[in-house]
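A short write-up of the structure that comes next.
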Amino acid sequence: MAFILPELKYDYNALEPIMDARTVEIHHGKHHATYTNKLNAALEKYPQFFEMSIEDVLSDLGKIPEGVRTAVRNHGGGYYHHNLWWDQIGPGKGGAPTGTLAAALDEKFGSLEDFKKDLSAASIAVFGSGWGWLCKDSKGELVIITTPNQDSPISQGFVPILTIDVWEHAYYLKYQNRRDEFVDNFWNLIDWDVVSKRYA
Ligand code: MN3
């Protein structure tokens, strides 16, 4: 048993024009696939970790054997974060959340628009490669954080709710240096039903 690359719920070209087909194909079929393969290679000698969820593997990196800990942090993070990434977007999505998540965002950030502005700004400001996140902290409070590289919020005690991939591989073919435009457009793909389920 090993970790498996999840199939996309949509075709490579389904997210056009916001995400071009070539970017989705490379991002899923090469980048996400490579994280998956390298995570599995790192844990090959420690198959007990294949019995665990990726969340459990990443939640306490101290239990990972030292010789493969960095590989698991990097490739396990890359594997898990992209699972979240592809699952939370889709064609014809966007709009606004409803229910408890909508109320919680209003309460914490003032409005949905203020929340989107804050998470967009934090994500755009990541220096180099990394991710912007909406998470629940240990008290259940919504927080915006960023992480460098493939470091995972789950290793720091946060529960990921929504994420924005600002590695250049996520947008460079179509947007080049215009990370801000990519992030602004990203909101039109977000599947709030998936995000609401994570929050619940
Ligand atoms: Mn990526």
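The values are calculated or read from the model by the stated rules, or taken from the named source; none is laboratory data. On a predicted model such as this, the values are computed, not experimentally measured, just so you know. Because the Cβ atoms are built from the backbone with ideal geometry, glycine has one as well, and the counts that use them run over all protein chains shown. Side chains included, ligands, DNA and RNA excluded: accessible areas come from the protein's heavy atoms. Shrake-Rupley method; radii C 1.70, N 1.55, O 1.52, S 1.80 Å.
Against the definition (open to solvent by 10 Å² or more (accessible area, probe 1.4 Å), more than 16 Å from the chain's Cα centre (by Cα) and not hydrophobic (A, V, I, L, M, F, W, C)), how does Asn40 come out, yes or no?
Details: open to solvent by 10 Å² or more (accessible area, probe 1.4 Å): yes; more than 16 Å from the chain's Cα centre (by Cα): yes; not hydrophobic (A, V, I, L, M, F, W, C): yes.
Here the answer is yes, as Asn40 does meet what is asked.
Conditions (1) within 16 Å of the ligand (Cβ to nearest atom); (2) more than 25 Å from Lys9 (Cα to Cα), marked per residue:
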site: Lys136; (1), (2): no, yes
site: Gln150; (1), (2): yes, no
site: Ser155; (1), (2): no, yes
site: Trp167; (1), (2): yes, no
site: Gln176; (1), (2): no, yes
site: Phe182; (1), (2): yes, no
site: Val195; (1), (2): no, no
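Residues that are within 16 Å of the ligand (Cβ to nearest atom) and modelled with pLDDT of 95 or more: which helices (runs of 4 or more DSSP H) entirely in region 1-74 hold 3 or more of them? Don't jump to the end; show me each part of the working.
Details: elements: 21-26, 33-42, 54-59, 66-71.
It comes to 21-26, 33-42.
What is the number of the single condition among (1) within 13 Å of the ligand (Cβ to nearest atom); (2) open to solvent by 40 Å² or more (accessible area, probe 1.4 Å) that Gly92 does not meet?
Checking Gly92 against (1) within 13 Å of the ligand (Cβ to nearest atom); (2) open to solvent by 40 Å² or more (accessible area, probe 1.4 Å), the one that fails is (1).
Given the criteria touching a helix residue (DSSP H, G or I) at 6+ places or on another chain (Cβ under 8 Å), more than 15 Å from Pro6 (Cα to Cα), in contact (Cβ under 8 Å) with a residue 24 or more places away in the chain and of a type outside the set (D, E, K, R), does Val68 qualify?
Yes; evaluated as a whole, the condition is true for this residue.
Provide a single number: the residues in region 39-79 that are charged (D, E, K, R) and more than 30 Å from Glu168 (Cα to Cα). First the steps, then the outcome.
So in region 39-79, the residues charged (D, E, K, R) come out as 44-45, 51, 55-56, 60, 63, 66, 69, 73.
Then keep just the ones that are more than 30 Å from Glu168 (Cα to Cα); that gives 45, 51, 63.
Matching residues across region 39-79 total 3.
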